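Shown next, in structure tokens, is the structure this report addresses.
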Amino acid sequence: MKKILAVLAFVFVANTVFAYQNFFGVSAGLMSGIPFYGSSEINDLNREVSDQSRIIIGGLADIHFNVSDNATFFFGSDLLCDFIWQGTSEHSNHLNYDFSIGIKIFPNLAGFCTGLGYVLGARTDFIETEEGSYSGTSAWGNGIKLLAEYNFAHDGKSRYYPTLGLFWKILPRGNHEFDNMICAYIMANL
């Protein structure tokens with residue numbers, strides 16, 4: 001009973017302290033981009049897939065805490081899938097996944113913001129070529145995420161307007177190798 005009362009008291013205090021109209025929000029969306037792999041071995045295996053087709057697609061989601069009109073803290077997760085294939089016999093597929101935490105600053109330019117985040121992520125590879133096969137996961141790395149986006153819901157009449165954005169992520173993958181990803185995305189604000 002004490003735990004239930006403590007939780008209810010916490011919720012009441014949080015609602016009172018953070019009476020800001022849209023304190024909590026969730027966004028989810030789709031992205032695509034260009035991954036630049038730091039491993040020469042991965043780049044060589046990608047080139048071994050002959051007459052290749054390629055698709056790069058992913059998803060992302062953020063939970064954000066709007067502490068004011070000019071600052072938002074976020075916690076998010078991204079998954080970028082890079083599929084390279086030739087028929088059914090050869091492929092070089094990479095799953096880049098990470099978790100991020102950071103801040104977005106709105107400099108009073110309507111819904112435009114810039115942000116900086118700390119990122120923890122890894123990459124899993126599934127490769128099958130005429131030369132052989134390989135599957136494995138890179139070391140988890142601590143990196144950074146720089147972003148710029150325009151949130152149409154920030155100054156809009158509805159909180160459900162979309163957000164368009166770009167980010168650049170730099171993630172170490174072990175063995176002094178770094179992956180860079182430049183991605184564009186669209187998110188729905190829920």
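Observations, loosely collected:
- For segment 22-41, the candidate set comprises residues that are within 24 Å of S89 (Cβ to Cβ) and of a type outside the set (S, T, Y); within that set, the residue that is surrounded by the most Cβ atoms within 10 Å (Cβ to Cβ) is P35.
- Among the candidates N46, N96, N66, N70, residue that is touching a residue at least 40 places away in the same chain (Cβ under 8 Å), touching a strand residue (DSSP E or B) at 6+ places or on another chain (Cβ under 7 Å) and over 26 Å from E130 (Cβ atoms): N66
- Test result for F167, closer than 23 Å to N70 by Cα and not in a loop (DSSP other than H, G, I, E, B): yes
- Some residue of segment 170-187 being out of contact with any Gly (no Cβ under 9 Å at 6 or more places or on another chain), part of a strand (DSSP E or B) and either farther than 15 Å from C113 by Cα or of a type in the set (D, E, K, R) (or both): no
- Condition met for N142 (among the polar types (S, T, N, Q) and under 28 Å from F83 (Cα atoms)): yes
Bear in mind that the values in this text are calculations on the coordinates, not laboratory data. This structure is a prediction, so every number in the text was calculated from the model and none was measured. Cβ sites come from the backbone with ideal geometry, for glycine too, and all protein chains shown count toward neighbours.
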